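Colleague: The structure that follows is given in the form of structure tokens.
The values are calculated or read from the model by the stated rules, or taken from the named source; none is laboratory data. Note that this is a predicted model, so its numbers are computed, not measured. Backbone-built Cβ (ideal geometry, glycine too); neighbour counts: all protein chains shown.
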Ligand SMILES: Cc1cc2nc3c(=O)[nH]c(=O)nc-3n(C[C@H](O)[C@H](O)[C@H](O)COP(=O)(O)OP(=O)(O)OC[C@H]3O[C@@H](n4cnc5c(N)ncnc54)[C@H](O)[C@@H]3O)c2cc1C
């Protein structure tokens, strides 16, 4: 029998969104007990790797309206504007709250909070803690959770299934990685804060834990995944590892050079901001500070023109240079110490003296679990926030530094809703939930642990490696009907192979191969939602660039994509209107 632990609210995810949500529940209702689950120790969540910073209007030369407009236009008008307004209006309060909890934001000389430029933002509004912003934010949140006795942590617990009874979510079945035993963790509200799914692509800044588990959990429970075709490429990853060189390097003045030493972004449509007559928008050329989708696309064109250089040591991949030498050692050490550390340790160069080779790399999933602006999903009792959710503030292209505030604003918001509604629904029958957890343990035992596929089976790593290459080849920076269809077919074939996965480790304690196998089945479902959504959207918008449909088509596609899972078939694709409040769709030009 699966051991059962009863709580009022379960938060799945110990990253920024999950920790912020757990704190919010504890603060709002100290009577409620909160379970905080994470498949890794919380401080190892991806939020810790965030370097550049978090956007929030704080300076007198900036204003909320401009932050909203930058976000909406950067999103190629696919963001829901009511959600964007909530994000932007609440961002400064959240960042100040973090300061009060101990986050060491960097300072100007006069002691006020320092802000830096970020891509697609017309004004400087990105708060930072040197270039280890996520590290400091996550520490701050983590240590704050320790204050609340009502929060019980389940570290190194892998949520394998949502427990659903009487049409509502009543907890999760989770494997305790230390022993391999299945536990039923029950509650009236479940908040998914499981992060993104960039690891379904071969070349990514995302750690191996970013496998889209929460998206797959919700999807299997009938909740649609929204806007999954929108996957962000960041223009500056280290060519061998995919390690991110933060946009802050360009925010501080770094420039992009092709193999001829030309600052090539001047040749692309990234120059002046839109409203050059508006005194709030300086008439500078955005160039390196253009949005990420455009910069990644410019790299592709440079490669076609033969302006990139090949790196023999990494199977001849193409790269360009990011040059920060002119900033000088003092400024680099003060503002970008981590960039220097990463370049030395992983690229063997010192950016004080040499330009940094970089190439575009998968970075962020704009799509995710469809939620309303209060974090609710279509399944009663289930909520979602952070990168696993699509609320949607990022639309077709996220602006850098918006997601570290998204996890705070919507982490708290989803938690407030979950707290209020925890008491409203009838508590599901615990015996029924326990039985479901037991059945899940049995399923895993019979399909993966008992060696049933030992003959003729495939190893999980084989399926995973293929899947990641398929996505890179079929759904990369540019796609068309042919490449996407090839990806869809290959994914269907890989799903069949995945049903025959065989393990070398049949034990209970820290069976990482088993966890990989469970993650892979989820990755395949998430990837399939991405590919089929990309197939259905026959236009180009933001990060979704179809060479066979190069224009944006508002008449047909100013809509969110909804992918619904179907048993043993391709997902069903449906559409949902975008919420427009104050900013009607316009042309997204950045000058020239
Ligand atoms: C290298 C890098 C740099 C970035 N820099 C910036 C930046 O400067 N500014 C910015 O705004 N954004 C940045 N981003 C994006 C931003 O950091 C993320 O979008 C954000 O931190 C995601 O937070 P999250 O809480 O949603 O997810 P995460 O921090 O990824 O946390 C997910 C949590 O879910 C848990 N989990 C997942 N699956 C399961 C499961 N099955 N069972 C139990 N637990 C599970 C994990 O253990 C983890 O605790 C960056 C991203 C990367 C990759």
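Colleague: Restricting to the stretch 206-223, give me the number of residues that are near the ligand (Cβ under 10 Å from one of its atoms) and surrounded by fewer than 24 Cβ atoms within 10 Å (Cβ to Cβ).
Modeller: Total meeting the criteria: 2.
Colleague: Also: For the stretch 364-415: of the residues being near the ligand (Cβ under 9 Å from one of its atoms) and part of a loop (DSSP other than H, G, I, E, B), which is surrounded by the most Cβ atoms within 10 Å (Cβ to Cβ)?
Modeller: 385
Colleague: In the stretch 107-121, how many are part of a loop (DSSP other than H, G, I, E, B), in contact with a helix residue (DSSP H, G or I) (Cβ under 8 Å, 6 or more places away or on another chain) and modelled with pLDDT of 90 or more? Before the answer, list the steps.
Modeller: At the first step, the residues of the stretch 107-121 found to be part of a loop (DSSP other than H, G, I, E, B) are 108-112, 114, 117-121.
Still in the running and in contact with a helix residue (DSSP H, G or I) (Cβ under 8 Å, 6 or more places away or on another chain): 117-121.
Among the residues that remain, those that are also modelled with pLDDT of 90 or more are: 121.
Total meeting the criteria: 1.
Colleague: Against the condition touching a helix residue (DSSP H, G or I) at 6+ places or on another chain (Cβ under 8 Å), at pLDDT 95 or above and buried (at least 24 other Cβ atoms within 10 Å of the Cβ), how does residue 20 come out, does it pass? Walk me through it before giving the result.
Modeller: Numbers: touching a helix residue (DSSP H, G or I) at 6+ places or on another chain (Cβ under 8 Å): yes; at pLDDT 95 or above: yes; buried (at least 24 other Cβ atoms within 10 Å of the Cβ): yes.
Here the answer is yes, as residue 20 does meet what is asked.
Colleague: Something else: Looking only at the stretch 58-84, how many residues end up being over 16 Å from residue 397 (Cα atoms) and buried (at least 21 other Cβ atoms within 10 Å of the Cβ)?
Modeller: Residues meeting the conditions: 1.
Colleague: Kindly provide the set of residues from the stretch 18-74 that are within 15 Å of the ligand (Cβ to nearest atom) and without any contact (Cβ under 8 Å) to a residue 60 or more places away in the chain, ordered by number.
Modeller: 67
Colleague: Here's another thing I want to ask about it. I need the full set of residues from the stretch 173-205 which are within 9 Å of the ligand (Cβ to nearest atom) and more than 30 Å from residue 240 (Cβ to Cβ), in order please.
Modeller: Within the stretch 173-205, 174, 175, 192, 193 qualify.
Colleague: Run down 131, 166 and say which single residue is away from the ligand (no atom under 14 Å from the Cβ), farther than 27 Å from residue 510 by Cβ and at pLDDT below 95.
Modeller: 166
Colleague: Given the residues 440, 539, 493, which is the only one that is without any contact (Cβ under 8 Å) to a residue 24 or more places away in the chain and not in a loop (DSSP other than H, G, I, E, B)? Step through it out loud before you land on a result.
Modeller: Numbers: 440 fails: without any contact (Cβ under 8 Å) to a residue 24 or more places away in the chain; 539 fails: not in a loop (DSSP other than H, G, I, E, B).
Just one listed residue meets the conditions, 493.
Colleague: Can you pull out the residues in the stretch 558-583 that are modelled with pLDDT under 95 and outside any strand (DSSP E or B)?
Modeller: Those that are modelled with pLDDT under 95 and outside any strand (DSSP E or B): 567, 568.
Colleague: Among 536, 527, which is the only one that is modelled with pLDDT of 95 or more, under 20 Å from residue 477 (Cβ atoms) and in contact with a helix residue (DSSP H, G or I) (Cβ under 7 Å, 6 or more places away or on another chain)?
Modeller: On inspection, the qualifying residue turns out to be 527.
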